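Presented below is the structure to which this report refers.
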Amino acid sequence: MRRMLLTAAAVLFSMAPVSVPAAPKASKPHRVMTCNIRITGLEADAPHPERVWENRRDLCVETIRSRRPDIICMQEVIYDSYAYLKEKLRDYVPYGFAGPEMDPHTEGYHFIGKNVIFFRRDRYEFVSAGCYWLSEQPLIGGSCSWNTTRARHCNWVRLRDRRSGRELRVLDVHLDHKSDEARREQIRMVMEECGQYAADFPQILCGDFNAGIASAPIGYIRTVDGWREMYETIHGPAEAGTTAHAFKGDAYRPKHSPRRIDFIFYRGDVEVREAEIVRDRKGDMYPSDHYFLSAEFTLR
């Protein structure tokens, strides 16, 4: 009897369906934008209606939404613009706005414009995030070093694609606008921090670098193994022209040679599919005094 039971059990076991782990779904392309939206409420902008935030904010959001980004890295976000963007981008999770304890001044351009990252709620699962200040005291909010004109910081998020399970890290920076020494040290600090991750781990570094393709800070990024720039990957290394245009668009005539200062760098298992400098406008009105950048990539 015992032998018969064992034989029957063996037959039943052999007939039972085998559980096979489901294969991960293929990852859809990711679209990222970097957008310097300009500090709001500047006295210099008041005589120019096309520059006032309340007049151009709808165009700013329309321009961003027209590209259907999954991730948006913004620079120069302060209190009123943050409140508006949160309201208009409810399908995104915002990360990286801190204040007022981080602001040494309470009005004017001395506000610390925050580098806020928005990511789609339905696309990504939040894994972790952080902020460090680009100074010799990276854990002290508002700290300054290397003759930087004002405090600068880096915000980052680590996300998991809900569909594929793949993870990526996105960083958002805005380097100093006057001191080249500060820019060099600030980007060196970012590169060292990113270096703790495996070389194949996807990292996307967006921002306003206040430095052109021939500058020392951008040159330093190119010396660090594995880092490339998305627009250059698609269009080649030649100068693409200015991205900070003072609300004048193609009519802007800079004092020096035109140069692009907004970039989307990447490292790891990332394959870039397309990239664009976004030059949208309505009549004489632009979303910002910077052109935005948009790029699409996949994770290999």
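The values are calculated or read from the model by the stated rules, or taken from the named source; none is laboratory data. Owing to the predicted nature of the structure, the values given are computational and were not obtained by experimental measurement. Positions of Cβ are generated from backbone atoms using ideal geometry, with glycine treated the same way; all protein chains shown enter the neighbour counts.
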Could you tell me whether segment 13-33 includes any residue that is of a type in the set (Phe, Trp, Tyr) and at pLDDT below 50?
yes
Quick one: how many residues across segment 144-180 are under 16 Å from Ala211 (Cβ atoms), more than 21 Å from the chain's Cα centre (by Cα) and part of a loop (DSSP other than H, G, I, E, B)?
6
Is it the case that segment 285-299 has a residue that's over 16 Å from Ile71 (Cα atoms), surrounded by fewer than 16 Cβ atoms within 10 Å (Cβ to Cβ) and among the acidic types (Asp, Glu)?
no
Scope segment 205-219; condition part of a loop (DSSP other than H, G, I, E, B), under 17 Å from the mean Cα position of the chain (by Cα) and either surrounded by fewer than 17 Cβ atoms within 10 Å (Cβ to Cβ) or not hydrophobic (A, V, I, L, M, F, W, C) (or both); matching residues
Asn210
From the residues in segment 221-264 that are surrounded by fewer than 18 Cβ atoms within 10 Å (Cβ to Cβ) and of a type in the set (Phe, Trp, Tyr), which one is modelled with the highest pLDDT?
Trp227
Scanning segment 44-76 residue by residue, the ones that are outside any helix (DSSP H, G or I) and either acidic (Asp, Glu) or modelled with pLDDT of 95 or more (or both) total 13
Residues Asp70, Asp80: which one is farther than 20 Å from Arg123 by Cα and among the charged types (D, E, K, R)?
Asp80
Taking the options Glu181, Glu107, Glu87, Glu192, name whichever one is of a type in the set (Asp, Glu), surrounded by fewer than 16 Cβ atoms within 10 Å (Cβ to Cβ), out of contact with any helix residue (DSSP H, G or I) (no Cβ under 6 Å at 6 or more places or on another chain) and modelled with pLDDT under 95.
Glu107
Evaluate the following for Arg281: is it of a type in the set (Lys, Arg), surrounded by fewer than 23 Cβ atoms within 10 Å (Cβ to Cβ), modelled with pLDDT under 95 and on the phi < 0 side of the Ramachandran plot?
no
